[in-house]
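The block underneath contains the structure these notes are about, expressed in structure tokens.
The values are calculated or read from the model by the stated rules, or taken from the named source; none is laboratory data. Keep in mind that what you see is a predicted model, and the values were worked out from it rather than measured. Here the Cβ positions follow ideal geometry from the backbone for every residue, glycine too, while neighbour counts run over all protein chains shown.
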Amino acid sequence: MVLRPYQYYAAEAIQRRARESDGNGYVWHTTGSGKTLTSFKAAQLLLDLDEVDKVVFVVDRNNLDYQTTKEFNHFQKDSVDGTGDTQQLVAQLNDPNRDFLVTTIQKLNHAVLRPRYLSRIEHLRESKVVFIFDECHRTQFGVTHKRISDHFTQAQLFGFTGTPILKENASRNAGEADDARPLRAPAAYLRDYGRNSGCERAAVQRGIRWPLPRA
């Protein structure tokens with residue numbers, strides 16, 4: 001497994017953020033930059049930290065659940081477990097021998113919404129679970145985001161996106177209305193590999209408005 005420099009720096013920036021703070025953050029890498037491999041390496045580095053109990057990689061479509069699990073296990077055999085349904089997700093969250101999971105935002109939402117699942121993961125409320133969201137601009141706002149954050153009170157949330165929601169392009173639709181979107185507080189802008197630059201830019205300190213509430 002060989003990473004390009006910008007992939008290594010992004011993965012390392014996520015681990016450093018988790019090691020040195022409890023804040024959230026995101027990586028702005030454009031389409032075709034190898035976000036899947038970068039996120040896999042980030043998960044590996046996060047699991048090297050003693051304080052991290054689990055890493056959950058979250059996608060927003062069922063076909064991506066299977067596809068991402070397959071790709072991750074291609075990078076390293078049997079490194080990650082997929083989740084066929086919410087029942088399986090809850091079982092794997094409860095399994096101390098499973099520390100790296102792939103699931104969908106829909107299954108995760110069901111797990112923290114429905115009482116029959118919620119009661120089974122109550123003990124994880126104070127656990128250090130790190131969530132990595134693929135295409136996070138599509139899922140990290142509104143009620144679903146709040147449910148996840150409210151249940152996993154010690155979680156850290158990281159995201160990968162090619163089109164981040166910034167102050168200047170935030171819309172006022174139902175998903176991003178003032179009472180639904182946590183856009184008011186900055187999250188760390190960890191790394192950038194953008195179309196305009198054509199190379200990795202070391203903008204690691206700048207904070208911007210983005211749908212993750214805890215800076």
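Here are some notes:
- Flag for Thr30 being closer than 25 Å to Asn97 by Cα, modelled with pLDDT under 90 and in contact with a Gly (Cβ under 6 Å, 6 or more places away or on another chain): no
- Among (1) at pLDDT 95 or above; (2) charged (D, E, K, R); (3) surrounded by fewer than 21 Cβ atoms within 10 Å (Cβ to Cβ), the one test that Lys54 misses: (3)
- Just one of the numbered conditions (1) buried (at least 16 other Cβ atoms within 10 Å of the Cβ); (2) among the polar types (S, T, N, Q); (3) closer than 24 Å to Ala11 by Cα is not true of Ser79: (1).
- Within region 109-127, tally of residues that are surrounded by 14 or more Cβ atoms within 10 Å (Cβ to Cβ) and either of a type in the set (Ser, Thr, Tyr) or out of contact with any Ser or Thr (no Cβ under 8 Å at 6 or more places or on another chain) (or both): 8
Every residue, every condition in (1) under 16 Å from the mean Cα position of the chain (by Cα); (2) more than 28 Å from Glu20 (Cα to Cα), yes or no:
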site: Gln44; (1), (2): yes, no
site: Arg61; (1), (2): yes, yes
site: Asp65; (1), (2): yes, yes
site: Phe72; (1), (2): yes, no
site: Pro96; (1), (2): no, no
site: Ile105; (1), (2): yes, no
site: Arg114; (1), (2): no, yes
site: Leu118; (1), (2): no, yes
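- Every pair of residues 6+ apart whose Cβ atoms lie under 8 Å, when the first sits in region 1-28 and is charged (D, E, K, R) while the second is at pLDDT 90 or above and part of a loop (DSSP other than H, G, I, E, B): Arg19/Leu49; Asp22/Gln154
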